[in-house]
1. Which residues, counting only those in the stretch 190-211, are surrounded by fewer than 21 Cβ atoms within 10 Å (Cβ to Cβ) and either in contact (Cβ under 8 Å) with a residue 40 or more places away in the chain or not polar (S, T, N, Q) (or both)?
2. Please work out if Val160 is closer than 20 Å to Leu241 by Cα and either without any contact (Cβ under 8 Å) to a residue 40 or more places away in the chain or not hydroxyl-bearing (Ser, Thr, Tyr) (or both).
3. Report, ordered by the first and then the second residue, all pairs with beta carbons closer than 6 Å, sequence separation of six or more or different chains, a first member in the stretch 49-62 that is among the polar types (S, T, N, Q), and a second member that is surrounded by 16 or more Cβ atoms within 10 Å (Cβ to Cβ).
4. I need the full set of residues from the stretch 210-263 which are of a type in the set (Gly, Ala, Ser) and more than 21 Å from Thr128 (Cβ to Cβ), in order please.
5. Can you report the number of residues in the stretch 48-65 which are buried (at least 16 other Cβ atoms within 10 Å of the Cβ) and charged (D, E, K, R)?
6. Output the residue which, of all residues in the stretch 165-189 that are among the aliphatic types (A, V, I, L, M) and under 15 Å from the mean Cα position of the chain (by Cα), is surrounded by the most Cβ atoms within 10 Å (Cβ to Cβ).
7. Sort out for me the helices (runs of 4 or more DSSP H) sitting completely within the stretch 101-194 that have 3 or more residues that are over 20 Å from Val78 (Cβ atoms) and in contact with an Asp or Glu (Cβ under 7 Å, 6 or more places away or on another chain).
Amino acid sequence: MANKSAIITGASRGIGRGISLELATIGYDLVVNYAGNKQAAEKTVEDCQEAAQLAGHSITALAVKADVGQAEERDHLVEAARIQFGRLDLLVNNAGITSIGRADILKAKEENFDQLMSVNLKGPFFLTQQAANWMIELTKQGIVESPKVVTISSVSAYTVSVNRADYCMAKAALGMMTKLYAVRLAEHGIRVYEICPGIIASDMTAPVQTKYDKLIAEGLTPIPRWGQPHDIGKTIKAIALDYLPFSTGEVINVDGGFHLRTL
């Protein structure tokens, strides 16, 4: 039987790489999307193939360059999966950029706002639309069963950072996007989930490592450590293995307990 297949956006490094590696261990063929770092994407592809082999699977993984904020590049990304695998069982919307310049909300620039929203919100919305329409066709043809869409948001969806307003707003909007698609796609057997990571060790958080080291040591999270990309990957692996068959539109916190309020 053909392997199941997944598209993971922003998969060359960090969380996306961690997701790809975990999916490889359960035999998923992979489209490893990247926007600029070809070398890192190819290394992820190589490592995924090795991880799959160690787990007793034979997979195909390919690196595909595409800016999800651009319509023609989203087309290219989905077409790569169509040509190579002929099926799509899982879309993971992971690609995102941080606030450009991290400007105070009173000094934020419109062009930076537009650029972030293009990648972090518009891209996932229309990529999900495109993938979902293909998934509907595939389910009707009996090629795939119970396909899934997972979107990576953030604790920034509900935690205010006045120097990252656009980032916070985009992540909050992804939560509503998840709910909208969950309701719309349920009749087609497509389940939709939101993963809400906390402080995860990655290139994006590396510049603020000292700050978060201190906060974690002072009790910021009940589980007193940094999250790792594989923590997110394992959560998505559970979804891919169909361990949540009666859930959709669900927010899954992978944040060390950050979301909990204590007295």
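No lab work stands behind these numbers, since they all come straight from the coordinates. This is a predicted model, so every value here is computed, not measured. Don't worry about glycine lacking a Cβ; one is built from the backbone with ideal geometry, like all the others, and counts go over all protein chains shown.
1. Listed by number, the residues that qualify are Ala201, Ser202, Asp203, Met204, Ala206, Pro207, Val208, Lys211.
2. Values: closer than 20 Å to Leu241 by Cα: no; either without any contact (Cβ under 8 Å) to a residue 40 or more places away in the chain or not hydroxyl-bearing (Ser, Thr, Tyr) (or both): yes.
So Val160 does not fit the description; no.
3. From the stretch 49-62, the pairs are Gln49/Ala61; Thr60/Asp29.
4. Taking the stretch 210-263 and keeping what is of a type in the set (Gly, Ala, Ser), we get 217, 219, 227, 233, 238, 240, 247, 249, 256-257.
Matches in the stretch 210-263: Ala217, Gly219, Gly227, Gly256, Gly257.
5. Within the stretch 48-65, residues that are buried (at least 16 other Cβ atoms within 10 Å of the Cβ) and charged (D, E, K, R) number 1.
6. Our first condition is that a residue be among the aliphatic types (A, V, I, L, M); within the stretch 165-189, this holds for 165, 169-170, 172-174, 176-177, 180, 182-183, 185-186.
From what's left, under 15 Å from the mean Cα position of the chain (by Cα): 170, 172-174, 177.
Working: Ala170: 27, Ala172: 17, Ala173: 18, Leu174: 23, Met177: 21.
Looking at the filtered set, the residue picked out is Ala170.
7. In the stretch 101-194, the matching helices (runs of 4 or more DSSP H) lie at 110-117.
Residues checked against (1) in contact with a strand residue (DSSP E or B) (Cβ under 8 Å, 6 or more places away or on another chain); (2) assigned to a loop (DSSP other than H, G, I, E, B):
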residue: Gly18; (1), (2): no, no
residue: Leu23; (1), (2): yes, no
residue: Leu30; (1), (2): yes, no
residue: Thr44; (1), (2): yes, no
residue: Gly56; (1), (2): no, yes
residue: Val64; (1), (2): yes, no
